[in-house]
């Protein structure tokens, strides 16, 4: 049975598996202090154009979001995020469990409403000054995803405006990059990796969803963020066999592999999108990345689900449902052809 329900159903790119097999019986120093992790760190710094970047390898997305936010904030400080943002709806309270409030902001198509954000910070600052800052959860960071939970992208102009707001109100800018490759590889994206490395205070390369067995590579660009090895260990995000992460990211970052496989996912998604539009399916969101959202008649959906796994988002009305179809780094022409045949 075909499945397009998410983008981390496959194992890992064959080049990673081959490299892991090659070093399987080698003995390596643990906890990310091995040569493979150092090689990966250097490749990431070079790609970002930031020799001063700190690079840490963590085991997964929830742990990464939790550790990064914990490193940025004191316990009376909170993080702003779109109401649809991953940390606001999909982390099972992990951020709040560390003592940090997620402050929901109005969103448009998965992106923080920048005008609403600016207005919120202006009003909040005025209130804090009038009443006393000690009585409030103080916004200290802004969380965004690139791409968003809905597959949409921030433009370079929008990121620059967010940077200006963060500078004005003393906020860290944290970019969740769980699907970073699929965002930056999209033809519609006008943001480069080096742009991101100049505008964000911290972001991460997603590995779990972009070709790795597991793991995320965190890039810290602001020295005020105290993301220490001790904190990573304390929050359960440090892998004893850290070289397994180093090998994976060194492989992905060599000869542009990360971007090549991300581009494949986006190209396959756009091909699928056009086929569905041609067959009369209604787009729910105009996503330029590997996540595609459609409104589908429930009877058609029942037939489709007999042969294809899809992600059910929510009902539109009594007879229609919003679904998501995800391509991945491993999606093939044959799989897309097969899916189109069921439409």
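Details
- Options 85, 151, 93; residue that is touching a strand residue (DSSP E or B) at 6+ places or on another chain (Cβ under 8 Å) and on the phi > 0 side of the Ramachandran plot: 151
- Of all residues assigned to region 253-262, at least one qualifies as being farther than 30 Å from residue 27 by Cβ, within 25 Å of the chain's Cα centre (by Cα) and surrounded by 22 or more Cβ atoms within 10 Å (Cβ to Cβ).
- The single condition among (1) over 30 Å from residue 185 (Cα atoms); (2) outside any loop (DSSP other than H, G, I, E, B) that residue 336 does not satisfy is (1).
- Residue within region 225-236 that is in contact (Cβ under 8 Å) with a residue 12 or more places away in the chain, in a helix (DSSP H, G or I) and in contact with a helix residue (DSSP H, G or I) (Cβ under 9 Å, 6 or more places away or on another chain) present: yes
- Set 176, 201: member being out of contact with any helix residue (DSSP H, G or I) (no Cβ under 7 Å at 6 or more places or on another chain) and at pLDDT 95 or above: 201
- Of the residues 37, 48, the single one that is surrounded by 13 or more Cβ atoms within 10 Å (Cβ to Cβ) and farther than 14 Å from residue 245 by Cα is 48.
- All positions within region 205-241 that are over 23 Å from residue 72 (Cβ atoms) and more than 17 Å from the chain's Cα centre (by Cα): 240, 241
- Meets criteria (at pLDDT 95 or above, part of a loop (DSSP other than H, G, I, E, B) and closer than 30 Å to residue 151 by Cβ) for residue 46: no
- Just one of the listed residues (155, 148) is modelled with pLDDT of 95 or more and either more than 14 Å from the chain's Cα centre (by Cα) or more than 27 Å from residue 57 (Cβ to Cβ) (or both), namely 155.
- Lone unmet requirement of (1) surrounded by fewer than 15 Cβ atoms within 10 Å (Cβ to Cβ); (2) closer than 24 Å to residue 286 by Cα for residue 81: (1)
- Count - residues of region 146-173 that are more than 16 Å from residue 195 (Cβ to Cβ) and either in the same structural domain as residue 293 (by TED's automatic domain parsing) or touching a helix residue (DSSP H, G or I) at 6+ places or on another chain (Cβ under 8 Å) (or both): 6
- Screening 42, 54, 63 for residues that are assigned by TED's automatic domain parsing to the domain that holds residue 143, without any contact (Cβ under 8 Å) to a residue 40 or more places away in the chain and in contact with a strand residue (DSSP E or B) (Cβ under 9 Å, 6 or more places away or on another chain) leaves exactly one candidate, 42.
- Residue in region 304-321 that is surrounded by 23 or more Cβ atoms within 10 Å (Cβ to Cβ) and more than 28 Å from residue 17 (Cβ to Cβ) present: no
- Exclusive hit being in a helix (DSSP H, G or I) and at negative phi, set 178, 186, 262, 212: 262
- From the list 265, 217, the lone residue that is farther than 17 Å from residue 17 by Cα, surrounded by 18 or more Cβ atoms within 10 Å (Cβ to Cβ) and outside the structural domain of residue 326 (by TED's automatic domain parsing) is 217.
The values are calculated or read from the model by the stated rules, or taken from the named source; none is laboratory data. No experiment lies behind these values; they were computed from the predicted model shown. Methodologically, a virtual Cβ is constructed for each residue, glycine included, from the backbone with ideal geometry; neighbour enumeration extends over all protein chains shown.
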